[in-house]
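The values are calculated or read from the model by the stated rules, or taken from the named source; none is laboratory data. Here the structure is a predicted model, which means the values were calculated and not measured. No Cβ is skipped: glycine too gets one built from the backbone with ideal geometry, and neighbour counts run over all protein chains shown.
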Amino acid sequence: MRAEPAVTDEELAQLRETARRFSIEELRPAYQTREDQGRFDRVLIRRMGELGLIGPELPARLGGLGLTNVASGIVVEQIAYGDFNVAYVLSSGSLIGQILAQHASDELASLWVPRIVEGDALVAIAVTEPDTGSDAARLSLKAVRKGDRYVLSGEKTSISIADQADAFVVFARTGTKDEGARGISAFLVEADRPGLSRSRLADLGSKAVGRGSLFFNDLEIPSGNRLGPEGQGFVQVMNGFDFNRAFIGLMCIGAAQASLDETWRYAVDRQAFGAPISSYQGVTFPLADLEAQLHAARQLCLHTLSLRDAGAPHTSEAAMCKLLAPRTAFETIRQCLLTHGHYGWSMDLPHQQRLRDVMGLEIGDGTAQIMKLIIARDRIRRNTT
């Protein structure tokens, strides 16, 4: 068990307020505009870096604030309240920042982690391949050692910010397929290296994030770009996915809470049959149910992050976050859209975009079926050992 980083309640409250104010004042007004643009606003990303909102749990020696994962999760939810997609920068920054801080060489970590924290660099994670989604241990992109370099050949797909990232953490096979997960290594690949090309997919939601494919055509990188020992990449990414699933849950909760808050206000203002619709239990009871469900999902996500801060196992809890929060958020936003009636059906209101954006995370980073499998295996193990 490791000791949690020190953070006072006052510091946590100040960080939350900073994130909330930035989210409401600078992100929410242009949430739908950024979907039309289909890209992140780098000025906004750097502004988040200046405010200390990207990777606050990362070590101070690498530009972070040295706070807790719980503190970072609270920030992620507040940013998602204003713009679900911009919150991806925070969750990705923490995931990749922690991988680099723990497994990259001092030289590589010192070069890239501060840039991530400052909002100067976007780094994506590249695991999925055309024939391997949830079964990531079967990936086939090759990394062949040639002296002091590796040569990468193959394809990755369904990669978030594929056409915007400055670098990628790429998982490639350095061993044989018979070795399974033990033959996978991780590498930091700069986006401007010769031999890398990329394309973009046309998606239903999260268009500001974007998703695409990467093509590696005998791309060479120095052996110093390998993260950790050869053959240990799969272990590294799975450990990162544990806490990232709690971050994903908080992203979804933040977006759903925004729709729910807007719907409560609408219910108070909207008149029907001579009274505000908030006077009808048929309107308010479904919203009250959803309020309770969001609150429960939030506490689960924060609990999972607190387990990580304490150095305690949290794989099963992280899977619960990923199973529960996106589904609950989707149902919340759907009910909010319906409560707005014909106004909710309009593209002018943000509910339809939040619905599409949140739906993507019912798929990404592991489907509901995979999360149930993880939870079931954990419960079975506890009852057979």
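Restricting attention to the stretch 117-174, the residues that are outside any strand (DSSP E or B), farther than 19 Å from Gly228 by Cα, in contact with a strand residue (DSSP E or B) (Cβ under 6 Å, 6 or more places away or on another chain) and aliphatic (A, V, I, L, M) total 3. Of Gly52, Gly97, all but one fail to be of a type in the set (Gly, Ala, Ser) and out of contact with any strand residue (DSSP E or B) (no Cβ under 9 Å at 6 or more places or on another chain); the exception is Gly52. Which members of the stretch 359-373 meet the condition of being assigned to a loop (DSSP other than H, G, I, E, B) and among the acidic types (Asp, Glu)? Passing the criteria: only Asp365. Look at the stretch 310-349 and say how many of its residues are loosely packed, with under 13 Cβ neighbours inside 10 Å and either of a type in the set (Val, Ile, Thr) or farther than 30 Å from Pro276 by Cα (or both). Selection size over the stretch 310-349: 3. Kindly establish whether Leu290 is crowded, with 17+ Cβ neighbours inside 10 Å, of a type in the set (A, V, I, L, M) and in contact with a Leu (Cβ under 7 Å, 6 or more places away or on another chain). Yes. Checked against (1) under 24 Å from Phe187 (Cβ atoms); (2) in contact (Cβ under 8 Å) with a residue 40 or more places away in the chain; (3) of a type outside the set (A, V, I, L, M), Gly93 meets all criteria but (2). Just one of the listed residues (Phe234, Phe247, Phe243) is crowded, with 24+ Cβ neighbours inside 10 Å, hydrophobic (A, V, I, L, M, F, W, C) and modelled with pLDDT under 95, namely Phe243. Ser197 passes every criterion in (1) closer than 18 Å to Asn217 by Cβ; (2) at pLDDT 95 or above; (3) of a type in the set (S, T, N, Q); (4) touching a Lys or Arg at 6+ places or on another chain (Cβ under 9 Å) apart from (4).
Listed here are the helices (runs of 4 or more DSSP H) enclosed by the stretch 1-79 that have at least 1 residues being outside the structural domain of Leu250 (by TED's automatic domain parsing) and among the aliphatic types (A, V, I, L, M): 9-22, 42-50.
Assigned by TED's automatic domain parsing to the domain that holds Asn85 and either under 20 Å from the mean Cα position of the chain (by Cα) or acidic (Asp, Glu) (or both): does that describe Val170? Answer is no for this residue. With respect to (1) in a loop (DSSP other than H, G, I, E, B); (2) within 24 Å of Met359 (Cα to Cα); (3) in contact with a helix residue (DSSP H, G or I) (Cβ under 8 Å, 6 or more places away or on another chain), the lone exception for Pro313 is condition (2).
Looking at Gly183, is it more than 26 Å from Ala101 (Cβ to Cβ), among the small types (Gly, Ala, Ser) and surrounded by 19 or more Cβ atoms within 10 Å (Cβ to Cβ)? Steps first, please.
On the way: more than 26 Å from Ala101 (Cβ to Cβ): no; among the small types (Gly, Ala, Ser): yes; surrounded by 19 or more Cβ atoms within 10 Å (Cβ to Cβ): yes.
For Gly183, the condition - more than 26 Å from Ala101 (Cβ to Cβ), among the small types (Gly, Ala, Ser) and surrounded by 19 or more Cβ atoms within 10 Å (Cβ to Cβ) - is not met.
The residue that is farthest from Lys207 (Cα to Cα), counting only those in the stretch 31-56 that are within 18 Å of the chain's Cα centre (by Cα) and of a type in the set (Val, Ile, Thr), is Ile54.
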